[in-house]
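Q: Before I ask anything, here is the structure I am working with.
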């Protein structure tokens, strides 16, 4: 099995030692719920929402494609500064460091039809290679959700892309923009100044998806 934290290290990132980098967020969020104001802190000049489409030929959502297109637009305004990324603590592919990822709760392997112990073992090991160990750190506690943080270059936002589940909160050290993607929605929200918002709204790929300006009281669309 691969060493713990290999995916973050490969992206030039590391788990944060605790929640300090994100403790400013909670007091600036609106009441817990489906609105943009719970996904992105108050205080930004403009807010934008980008829908996440479903694939036309497969049943999967294109979460990472949309997130990466959004990251491409904020990159010129970010430079080389550290970027913080927050991951919801409840994903099933996470496991505790003192557990065996092949058997830890949250993910399982089921083989259909005749199979031997060797096939089951190989399937468990393949699953284990995709799982990620929870950091040995206190999570960031926000209304209704807890998150583990990592920090690194902007490109490290996609460090766990192989899981298919995007991070919920992303912001640079200077807090000049903020991306919120609650686990229960099919839209990504952005708070930023007018320059960044305009870059996102003018990007052809995001405009085609229906990127739009929004207020803090706008309800983000659910994923059901």
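The values are calculated or read from the model by the stated rules, or taken from the named source; none is laboratory data. Model, not experiment: these values are computed from the prediction. Cβ coordinates were reconstructed from backbone atoms using ideal geometry, including for glycine residues, and neighbour counts include every protein chain displayed.
Q: Quick one: how many residues across the stretch 125-145 are under 25 Å from residue 66 (Cα atoms) and part of a helix (DSSP H, G or I)?
A: Qualifying residue count, the stretch 125-145: 1.
Q: Within the group 23, 45, 68, which residue is in contact with a helix residue (DSSP H, G or I) (Cβ under 9 Å, 6 or more places away or on another chain) and more than 13 Å from residue 167 (Cβ to Cβ)?
A: 45
Q: Check whether at least one residue in the stretch 146-162 is at pLDDT below 95 and either more than 29 Å from residue 24 (Cβ to Cβ) or not in a loop (DSSP other than H, G, I, E, B) (or both), and report yes or no.
A: Looking through the stretch 146-162, at least one residue is at pLDDT below 95 and either more than 29 Å from residue 24 (Cβ to Cβ) or not in a loop (DSSP other than H, G, I, E, B) (or both).
Q: So, one more: Check 215, 180 and return the single one that is crowded, with 17+ Cβ neighbours inside 10 Å and touching a helix residue (DSSP H, G or I) at 6+ places or on another chain (Cβ under 8 Å).
A: Result of the check over 215, 180: 180.
Q: Given the conditions (1) within 22 Å of residue 24 (Cα to Cα); (2) assigned to a loop (DSSP other than H, G, I, E, B), which single one is not true for residue 165?
A: Against the list (1) within 22 Å of residue 24 (Cα to Cα); (2) assigned to a loop (DSSP other than H, G, I, E, B), residue 165 comes up short only on (1).
Q: Take residue 166 and tell me if it is buried (at least 17 other Cβ atoms within 10 Å of the Cβ), under 22 Å from residue 75 (Cα atoms) and out of contact with any strand residue (DSSP E or B) (no Cβ under 7 Å at 6 or more places or on another chain).
A: The answer is yes for residue 166.
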